[in-house]
Amino acid sequence: MLLAVLLASAGLILSPRPLEMHAVAAAPRALAPAMAHHVNDKGAKKHNSCRPRKSRPSDRNRTPPSYPPLPEPTGPVLIGSSEGRIETVTISVSPGDDAAALKAKLTAAGAAAPEKIVFRGAEVTATLAACGLEEDASIEATVCKAA
C-alpha cells in the first residue's frame, strides 16, 4: 500500500481521481467565449473601403455638372388663415402698391382680405418694389379663406 501511494505521488500509477480533477480543470477553459482576432469595419468605414476608385485620368479630372439657376418665383403667395379654402384670383399690381392697396385690390377681385401678404418669399410691409417687383404686372394671387 505504501508503494502504491509513493508511485501515485510520483505519477507512475494513474488513478481515477486525477482524471476527474483534470476534467473539472478543463471545463472553464471550454466554456470561455471565443473572441474574434480583429473587429469588422462598420458603417461608412466599410463603404469607403469597398467604393470604386478613380483610376483613369478622365475620372480624376471630371468636374461636377453645372445646372442652370432655378427661376425666381413669379407670383405672390397671399396667406389668410392656416385652415380653410384656397382661392386664386388675378390682379394687376405695380411696384408702388403697398399691403393696404393689395388688400383692397383682392377684395375688389372677389377674394377675402388676407392677414399678411408674401411676395417672392418676403412679407410685404412697405411696397412691392422693396420685395423685387420692377414693373407693372398681372399676377395670380392665392388666398386662403378662413372656414
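For the stretch 26-61, enumerate the residues that are at pLDDT below 85, open to solvent by less than 100 Å² (accessible area, probe 1.4 Å) and in a helix (DSSP H, G or I).
Of everything in the stretch 26-61, those that are at pLDDT below 85, open to solvent by less than 100 Å² (accessible area, probe 1.4 Å) and in a helix (DSSP H, G or I) turn out to be ALA26, ALA27, PRO28, ALA30.
Report, ordered by the first and then the second residue, all pairs with beta carbons closer than 8 Å, sequence separation of six or more or different chains, a first member in the stretch 98-127 that is more than 18 Å from ILE86 (Cα to Cα) and basic (Lys, Arg), and a second member that is open to solvent by 50 Å² or more (accessible area, probe 1.4 Å) and part of a loop (DSSP other than H, G, I, E, B).
Listed by first residue and then by second, the contacts come to ARG120/GLU72; ARG120/PRO73.
Does the stretch 100-143 hold any residues that are in contact with a Lys or Arg (Cβ under 8 Å, 6 or more places away or on another chain), outside any loop (DSSP other than H, G, I, E, B) and not β-branched (Val, Ile, Thr), and which are they?
Result: GLU123, single match.
The values are calculated or read from the model by the stated rules, or taken from the named source; none is laboratory data. These numbers were taken from a predicted model, which means no experiment stands behind them. Ideal geometry is used to build each Cβ from the backbone, glycine not excepted, and the neighbour counts take in all protein chains shown. Just the protein is used for accessible areas: all its heavy atoms, side chains included, with ligands, DNA and RNA removed. Shrake-Rupley method; radii C 1.70, N 1.55, O 1.52, S 1.80 Å.
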